[in-house]
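J.: Structure provided below as structure tokens; questions to follow.
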């Protein structure tokens, strides 16, 4: 039996945490799941068996930080699952992890390897606490302690840049630099530190998520119209990006999956 639950953060944390999700699955058979980039860094706690990453041919760490990715990944269950995942707002992970998010790019970094004693202790508490609801409370207590020490003066700049990316499918890097009141070079450095990817890479992720959001609302829309609405150069460009991010062409994706956008969904 499988259960999946999404939990909203305490209102005071909602600017930094999108949501938490809890997955439980008692099935012993192996199940393969394809994951796509969602544009958000995640903090993952395995309380049951760990997932096997087919691309890397290894198990995920017991607790880890999942950075930004370009491309898809296939994971396989190895037994009873119980996962708690913290999904940060795109710009917020650095606030709590206290190291540049670009260091997690394309990686699953074990909490033991981060060198953060408080984070390591949190992982142990989550592993040893029977009730998931209490685990969420422990996680939020950790987040609040970090939030009280917040001194990030670039956070508002990056938040404003994200608003432009989210609301304008076609946006130039020079326009984003103007919004941030930074040079293009400065924006690239600060953006990668907070978001965990370059502006160009992140725009590609958001563009793909926007396409999924449109297909989620209307699976019969033409691919040419999706390409136009999402800011792809043309339909051929959209198909190429879809293949890179999901492993499928848009037509293949629709036949294999129900379209869903994590980034643009309102939980």
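The values are calculated or read from the model by the stated rules, or taken from the named source; none is laboratory data. Because the structure is a prediction, the values reported are computed rather than measured. Virtual Cβ from ideal backbone geometry, glycine too; neighbours counted across all protein chains shown.
J.: How many of the residues in the range 126-162 are out of contact with any helix residue (DSSP H, G or I) (no Cβ under 7 Å at 6 or more places or on another chain), over 30 Å from residue 112 (Cβ atoms) and in contact (Cβ under 8 Å) with a residue 12 or more places away in the chain?
T.: Result for the range 126-162: 2.
J.: Would a scan of the range 54-65 turn up a residue that is without any contact (Cβ under 8 Å) to a residue 40 or more places away in the chain, closer than 22 Å to residue 196 by Cα and within 16 Å of the chain's Cα centre (by Cα)?
T.: There is no residue in the range 54-65 that is without any contact (Cβ under 8 Å) to a residue 40 or more places away in the chain, closer than 22 Å to residue 196 by Cα and within 16 Å of the chain's Cα centre (by Cα).
J.: Moving on. So which residues in the range 97-134 are farther than 23 Å from residue 51 by Cβ and crowded, with 22+ Cβ neighbours inside 10 Å?
T.: Correct list: empty.
J.: If you go through the range 70-83, how many residues are farther than 30 Å from residue 203 by Cβ and assigned to a strand (DSSP E or B)?
T.: 3
J.: Would you check if residue 4 is touching a helix residue (DSSP H, G or I) at 6+ places or on another chain (Cβ under 6 Å) and either part of a strand (DSSP E or B) or within 21 Å of residue 136 (Cα to Cα) (or both)?
T.: No.
J.: Quick one: is residue 124 over 30 Å from residue 4 (Cα atoms) and part of a helix (DSSP H, G or I)?
T.: So residue 124 does not fit the description; no.
J.: Considering the range 64-74 alone, what residues qualify as being surrounded by fewer than 19 Cβ atoms within 10 Å (Cβ to Cβ) and either closer than 15 Å to residue 53 by Cα or not assigned by TED's automatic domain parsing to the domain that holds residue 124 (or both)?
T.: Selection gives 71, 72, 73, 74.
J.: Looking at residue 82, is it more than 11 Å from the chain's Cα centre (by Cα), over 24 Å from residue 131 (Cα atoms), surrounded by fewer than 19 Cβ atoms within 10 Å (Cβ to Cβ) and touching a residue at least 24 places away in the same chain (Cβ under 8 Å)?
T.: It is false that residue 82 is more than 11 Å from the chain's Cα centre (by Cα), over 24 Å from residue 131 (Cα atoms), surrounded by fewer than 19 Cβ atoms within 10 Å (Cβ to Cβ) and touching a residue at least 24 places away in the same chain (Cβ under 8 Å).
J.: Something else about it: When only residues in the range 16-48 that are modelled with pLDDT of 95 or more and outside any strand (DSSP E or B) count, which is farthest from the chain's Cα centre (by Cα)?
T.: Looking at the filtered set, the residue picked out is 47.
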